[in-house]
Amino acid sequence: MAYTKRFDGRKFDEPREMEAKVGVIKNADGSAMFRFGDTIAVAAVYGPKLFHPQHMQNPQKGVLRCNYDMLSFSVNERKKPGTSRRSQEISKVTEWALSSVVNLDSYKNTVVDVHIMILQANASTRCAGINAAALALAHAGISMKELVSSVSIGKIDDKLVVDVIKEEEDYEDGEGATDIAMAFMSKSGDIALLQLDGKIRPAELKEAIKLGEKTSKDIYELQKKALKKIGEES
Amino acid sequence: MDLPEITRKRISQFLAEGKRLDGRKPLDYRKIEIETGISKNAEGSARVKLGDTEVLVGVKIDVATPYTDHEGEGTLITTTELLPMSSPRFEPGPPGIESVETARIIDRGIRESGFIDFEKLCIKKGEKVYSIMLDIYSINYDGNLIDAGNIAAIAALKTAKLPKYNEETGKVEYGVLTNKPVPLTDKLPINITFHKIGEKILVDPSAEEEESSEARVSFALTRGEKKGEMLINAAQKGEGKIFTQEEMFKILDIVEEKYIEIEEKLKDVKN
Amino acid sequence: MIKTETEETESKRELIVPGEAIIKGKDYLPGDGARREGEEIIATRFGLSDISGRLVKVIPLSGIYMPRIGNVVIGRVIDMTFNGWIIDIKAPYLAFLPLAECPKYVRGDLSEYHDIGDMICCKVLSFRGKGVDLTIMGRGLGKLEDGMIIYINSNKVPRVIGRDGSMINLIKEETKCEIVVGQNGLIWISGKTIEEELKAKEAILFVVEKSFVGGLTEKVKEYFGGKK
């Protein structure tokens, strides 16, 4: 049976309800929450700060470290607390996505730590994490070329959909499910993250990227609004 | 660690007069905020704020084989993660002694109190029982994670529901909750942690006060069988300095009063 | 019409996020927190845009303190070497206070002069690479005793000090406390009683938290009026 209607009734190019809030963790130098429907991520930034041990310091530029993890009860089947291969890889691709916008040259010899925690998961967690992290970095006053906005595009059977949910990820009929996580720089539209799992034709992927960029613009508007809101309060 | 020596001196001088920098009296808790049902994928969950300290607790329930020495009883596993996002004090990596100790103090109080009716968590003696996993996370640290985590643990357990157990597969069907709560009694396992700064005893320290603390002792209490009677289920003294017997006795004189105060806050938490 | 410089800057301040264009035009020069891209001047930091004459910059609202030469800062002694003290000034780099930058001649044990844990008010002498050198030669610099230290975000320091020190002087007068505001956001408050110090602390936090910039001094006067 062809995928003609989404499980949650959304239009194919419609993301779930989104929410962004800046300043959610008092101790952090910058922090934010980003939500796609039931998927909730929080991010906290500490730094730039002294980098220990000294031999890890880079005299030419600052170091950005990302640490993505999920609460054990963010998913149906309990996730054992602590890092896994999955979380290590996501931490790294997130780090790369954010490194492309952060002006690390301004922070020689120091480290900027980004901690991302998924409070509740229903797919697209890394995208929510990147959106929250970009806000937290800006909130921490870190020098950035621009913001970065991330969204997942799915190919479910032969349909391209925006902001994939768990049920869609598990879709097996027809051409099955392809999940594509992507992140775009807010101004240039340059690609800062691309990860794909499934089966998709190159021409379809081009279309998916265009669809992703279109959605990323809406996310960017939301991010901008959340930052300005905290700006007005401070 | 980060507290300037002169500020530490002020904290202790002011306490000697029976006052705290944030305006509280030594035996006052900060404002306690309890919110339950914060996570859709947990069988039970709670967010507790104790001033600027914030913790999240989730209950996940699975089925498991019982321990051979407790064949007819369900099991409980408690963990605490002091997240680096919650304070510059906490480093990424495997749990350090601070988080291990916090989890164990909370675990002992719950286990010994009889709050969870472990026998009712038995599905088939010697073969299948429900296993409760209680995970405590710090989101923002401003002192007293033990008591905050403990309050959140009680709230999460009180609002938890058993997942659907499929007898044929012998597995839990996640995402499908029954309307059956976790079998609990009215014996709330409330933990009260006392700190000593100079010659003064206080509860619910802020991060600054916790850094000035010379010694701490946690008591987990519950209500006994007789009306008005309370029982201590667990105690733990921490940090390198001592309490005099006199100080310890004073703490034991007030601990029941503090129990009632926290118990009151948890009254409205219902499934 | 001739505008005064202050009027001009205040009318053009707007909240801005990294990547957003502040203004278009070849004549403008990007200052702190800004870069040029083609015709536009783009923000690289979150904050308030500020255009004064040709110079376009972003006044940050948040972020860690970055040392600047000449800044008076408050730091904590965390270690000693044979020729000076290592000071934590809540910046991404540790600072060094050399023995040679102390007004008194010290011989023997350095800890008798400044010990680990002591709070010191210093001036940033130089900042190169990751090396921050401090001095305590100068009026009002040196060890801070008997009082309490509070922390605020360093970006809020100008607001706490006020124009020509008007705000901090008001708080000092009202609370009868001695107050030293470090550019790094550490503030030392010392009064006759701890109550007075707490009164000063609350007033400072009141100033930090209030988002209304216009008439803040008046608000603080009202604040003290209500407190008495």
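Remarks
- Residue count for the range A:132-159, restricted to those that are more than 29 Å from C:ALA91 (Cα to Cα) and more than 13 Å from chain C (Cβ to nearest Cβ): 10
- Test for A:GLU172: is it within 14 Å of another protein chain (Cβ to nearest Cβ), surrounded by fewer than 15 Cβ atoms within 10 Å (Cβ to Cβ) and of a type in the set (D, E, K, R): no
- Subset of the range B:119-133 (residues that are assigned to a helix (DSSP H, G or I) and of a type in the set (Lys, Arg)): B:LYS120
- Entry remark, the range B:19-39: residues being more than 12 Å from chain C (Cβ to nearest Cβ) and assigned to a loop (DSSP other than H, G, I, E, B) number 11 in total.
- Single residue of C:LYS104, C:LYS143 found to be more than 13 Å from chain B (Cβ to nearest Cβ) and surrounded by fewer than 17 Cβ atoms within 10 Å (Cβ to Cβ): C:LYS104
- Residue ranges of strands (runs of 3 or more DSSP E) in the range A:1-70 with at least 2 members within 14 Å of chain B (Cβ to nearest Cβ) and of a type in the set (A, V, I, L, M, F, W, C): A:30-36, A:39-50, A:63-70
- Residue in the range B:68-89 that is within 20 Å of B:GLU209 (Cα to Cα), more than 12 Å from chain A (Cβ to nearest Cβ) and buried (at least 24 other Cβ atoms within 10 Å of the Cβ) present: no
- Which numbered condition A:VAL75 misses (of (1) part of a loop (DSSP other than H, G, I, E, B); (2) farther than 22 Å from B:TYR174 by Cβ; (3) out of contact with any strand residue (DSSP E or B) (no Cβ under 7 Å at 6 or more places or on another chain)): (2)
- Residues being without any contact (Cβ under 8 Å) to a residue 40 or more places away in the chain, more than 16 Å from the chain's Cα centre (by Cα) and assigned to a helix (DSSP H, G or I) - total across the range A:186-213: 5
- Within the range A:78-92, residues that are more than 11 Å from chain B (Cβ to nearest Cβ) sit with their Cβ atoms under 9 Å from residues that are assigned to a helix (DSSP H, G or I), at 6+ positions apart or across chains, in these pairs: A:ILE90/A:THR125; A:ILE90/A:ARG126; A:ILE90/A:GLY129.
- Within the range A:20-71, restricting attention to residues that are charged (D, E, K, R) and within 13 Å of A:VAL112 (Cα to Cα), the residue that is surrounded by the most Cβ atoms within 10 Å (Cβ to Cβ) is A:ASP29.
- Among residues of the range C:94-120, those that are over 23 Å from the mean Cα position of the chain (by Cα), modelled with pLDDT of 85 or more and not in a loop (DSSP other than H, G, I, E, B), counted: 2
- Restricting the search to strands (runs of 3 or more DSSP E) fully inside the range B:134-232 and requiring at least 2 residues that are closer than 26 Å to B:PHE115 by Cα gives B:161-166, B:171-181, B:190-197, B:215-223.
The values are calculated or read from the model by the stated rules, or taken from the named source; none is laboratory data. Note that the structure is predicted; figures quoted are calculated from it, not measured. Cβ coordinates were reconstructed from backbone atoms using ideal geometry, including for glycine residues, and neighbour counts include every protein chain displayed.
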